[in-house]
Amino acid sequence: MTTAVPTSRPSWASPMNDTAATIGSALHGTAAKAAADVALTITESLGVPHLIARILVARGVTTPDEAGVFLKPRLDDLSDPFLLPDMDKGVARLIEAVSKSEKICIWGDYDADGVSCLALMFNFLKHLGVSAAVHIPTREEGYGLHIEKIEELAKDGVCLLVSLDCGSSNAEEIDHARRLGMDTIVIDHHEIGSEVPRAVAVINPKRKDSLFPTRDLAACGVTFFFLLGLRRTMHAKGLIPGHINLKKELDLVTIGTVGDMVPLTGDNRILVRHGMEVMNQRPRAWLRSMLGSRVISKGLVNEFALGFIIIPRINATGRVARPHKSFDFLVATDDQAALALLAELQKANTVRQQREKKIHDEIVSSIGTDGLSGRKTIVVFNEKWHAGVLGIVAQKLTERFGKPAIVITKVKDIWKGSGRGGDGMDLFEAICSLSPLLLKYGGHKYACGISLNEENLPAFAEAFEKAVEGTITGRKRPVHVDTAAGFDELTSEVMDYLEELGPFGIGNPRPNLLFDAAGINAAGNGRTRITDGSNRTWYGFYAAKSPFQKSDGARIIASPVVRMDFGERFIHLNIKEMVTE
């Protein structure tokens, strides 16, 4: 394939070349020598390009065996579910409930992670012939377990409550359920306070006594491992008629895992990798409705489709409508029913976008005038804001300003808010330190939910500012570089291998490479022309904060991706940084 760029090609495309060469590591010293030796061993053992081996080493891979697992992760590589605390107790109690035909209620959360947990558990119990009651509180009711509903379930004869994506901070409610004769199994991933609820089982990888290797599972991941343990035990006891295929449920695990923005490393990466394969090879009714109606326009489920198309629609009903609609959508088995439910999700997503934009724009316009621009945190409140979109607004504020943000509104007589953390801080830890000002709180390192009285709003804003002082430095976010690379290393083979490093997301971002460019020219609207040492032209995009015109030589940090143009594959360089020193 030629390395020349035809003049008919758009200015963002750069044709792929098939020549390959390597360059020396930019590191120095003993550590660099050791890393180079490991990379060479991986290349020789597995036959992978040296650039790929260097990237693997930069991501903590130390042996060819580890490299092989990273490139081709298997479901057999998943951790043992019985390393999770109380797994044996939870499995035994659910088996008892099924064998005695006890009435079971599964209680979840209204976001994508919570709804996918419910769908997972519902589908498994359905295979066992159990029709469980399903409860998803609305945002107006609030996150977690509620005594009033627990009392209603007890009157309806529920003997076992399975709390999914919630329950870790509901010790009082679980005690109340026990007094009413109802056992509780908590399957959750949120941080646990000083008191572990006195449930039959609290299955949570964030417990201090947990031996599970992946601490940052999403709740749907914890639920999946619970079902693995349950299936294993029931098979051993001869209690399952036939085979229950849990692999086909990985589409649901993927929705919750990506939706909750947990690191895509360890068990999470294996689950999502295989979940995306399941989606693309054997889509179920909910996904067929999206593909058939061209909601997913390219007919391919990738990280973009998940993060920007699928998950926002699953989340939308919990934000502005009834979350049961998303649950019904995910468990639908009939294509026409799925299409009808998709229409409702689409409508809810449009409403969500409108409300979110209105609140976001209002906050952004007020930041300069309300004295917030000089602060390390953003805490804003308005009783007219819709509670369902606070979390996503907080996320966008954090991304835009690089500061932790908490957005609060009034729900009945209580002020409730959602927060998102910034770089280098544990949001849940900061919120815990402010508990005297709060009625309720929960969450994890990256996100939180709070409730407080109106008179504590100003004090909370000031206390939160002090709590993160020194944690968030206000420095420019550094751009991570996996390794230095030569332009000649960007071959078709390498680009194929780069995709094998996915799925990409938090904890496993697309590789950033450091290149020495002979020249760089701005082509307008972020489009950029790069000339390498062999006088070949490459094209990319650089969203520079300040305009640049031309450079006769520079080092660039860029993430190479493949674009299609007129049926041909071209390399496009997403430039993250110009290195001037």
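The values are calculated or read from the model by the stated rules, or taken from the named source; none is laboratory data. Worth saying up front: this structure is predicted, and the values here are computed from it rather than measured. Using ideal geometry, Cβ is built from the backbone for each residue, glycine included, and neighbour counts are taken over all protein chains shown. The accessibility values were calculated without ligands, DNA or RNA, using every heavy atom of the protein model including side chains. Shrake-Rupley method; radii C 1.70, N 1.55, O 1.52, S 1.80 Å.
From (1) in contact with a strand residue (DSSP E or B) (Cβ under 9 Å, 6 or more places away or on another chain); (2) modelled with pLDDT under 90; (3) outside any strand (DSSP E or B), pick out the condition that doesn't hold for MET495. Only one criterion is unmet by MET495, namely (2). Could you tell me how many of the residues in region 57-86 are touching a residue at least 60 places away in the same chain (Cβ under 8 Å), open to solvent by less than 20 Å² (accessible area, probe 1.4 Å) and not in a loop (DSSP other than H, G, I, E, B)? Number of matching residues: 2.
Would region 414-429 turn up any residue that is farther than 30 Å from ARG294 by Cβ, among the aliphatic types (A, V, I, L, M) and not in a loop (DSSP other than H, G, I, E, B)? Spell out how you get there, then give the answer.
Residues of region 414-429 that are farther than 30 Å from ARG294 by Cβ, as a first pass: 414-429.
With among the aliphatic types (A, V, I, L, M) added as a condition, the list becomes 414, 425, 427.
From what's left, not in a loop (DSSP other than H, G, I, E, B): 414, 427.
Yes, region 414-429 contains at least one residue that is farther than 30 Å from ARG294 by Cβ, among the aliphatic types (A, V, I, L, M) and not in a loop (DSSP other than H, G, I, E, B).
Selection over region 197-211 of residues that are open to solvent by 10 Å² or more (accessible area, probe 1.4 Å) and touching a residue at least 24 places away in the same chain (Cβ under 8 Å) gives a count of 8.
Filtered by the rule that a residue be farther than 15 Å from GLY221 by Cβ and open to solvent by less than 20 Å² (accessible area, probe 1.4 Å), region 241-277 gives a lone residue, ILE244.
Just to verify a result, which residue in region 278-308, among those that are at pLDDT below 95 and within 12 Å of GLN346 (Cα to Cα), is surrounded by the most Cβ atoms within 10 Å (Cβ to Cβ)? Among those residues, the one meeting the criterion is VAL295.
Considering only residues that are open to solvent by 50 Å² or more (accessible area, probe 1.4 Å) and either basic (Lys, Arg) or in contact (Cβ under 8 Å) with a residue 24 or more places away in the chain (or both), look in region 387-406 and name the one that is farthest from VAL479 (Cα to Cα). Full working, then the answer.
Taking region 387-406 as the starting set, the residues that turn out to be open to solvent by 50 Å² or more (accessible area, probe 1.4 Å) are 396, 399-401.
Add one more test, that the residue is either basic (Lys, Arg) or in contact (Cβ under 8 Å) with a residue 24 or more places away in the chain (or both), and what stays is 396, 400-401.
On the way: LYS396: 20, ARG400: 16, PHE401: 16 Å.
The extreme case among them is LYS396.
Here THR223, THR257, THR214 are screened, and the one residue that is among the polar types (S, T, N, Q), in contact (Cβ under 8 Å) with a residue 40 or more places away in the chain, in contact with a Gly (Cβ under 9 Å, 6 or more places away or on another chain) and outside any helix (DSSP H, G or I) is THR214. In this structure, does SER101 turn out to be in a loop (DSSP other than H, G, I, E, B), of a type in the set (Ser, Thr, Tyr) and either open to solvent by 50 Å² or more (accessible area, probe 1.4 Å) or in contact (Cβ under 8 Å) with a residue 12 or more places away in the chain (or both)? It is true that SER101 is in a loop (DSSP other than H, G, I, E, B), of a type in the set (Ser, Thr, Tyr) and either open to solvent by 50 Å² or more (accessible area, probe 1.4 Å) or in contact (Cβ under 8 Å) with a residue 12 or more places away in the chain (or both). Looking across region 529-572, just one residue is modelled with pLDDT of 90 or more and acidic (Asp, Glu), and that is ASP532. Out of VAL115, VAL130, one residue alone is part of a helix (DSSP H, G or I) and either of a type in the set (A, V, I, L, M) or within 18 Å of VAL98 (Cα to Cα) (or both). It is VAL115. Before we move on, is VAL351 in a loop (DSSP other than H, G, I, E, B), within 24 Å of the chain's Cα centre (by Cα) and farther than 29 Å from PHE464 by Cβ? Considered against the rule, which asks whether it is in a loop (DSSP other than H, G, I, E, B), within 24 Å of the chain's Cα centre (by Cα) and farther than 29 Å from PHE464 by Cβ, VAL351 comes out as no. Where residues in region 121-133 are within 28 Å of the chain's Cα centre (by Cα), touching a residue at least 40 places away in the same chain (Cβ under 8 Å) and more than 14 Å from ASP188 (Cα to Cα), which of them is most open to solvent (accessible area, probe 1.4 Å)? For region 121-133, the residue satisfying everything is PHE122. On the stretch given as region 456-492, residues that are touching a Lys or Arg at 6+ places or on another chain (Cβ under 8 Å), at pLDDT below 90 and in a loop (DSSP other than H, G, I, E, B) total 3.
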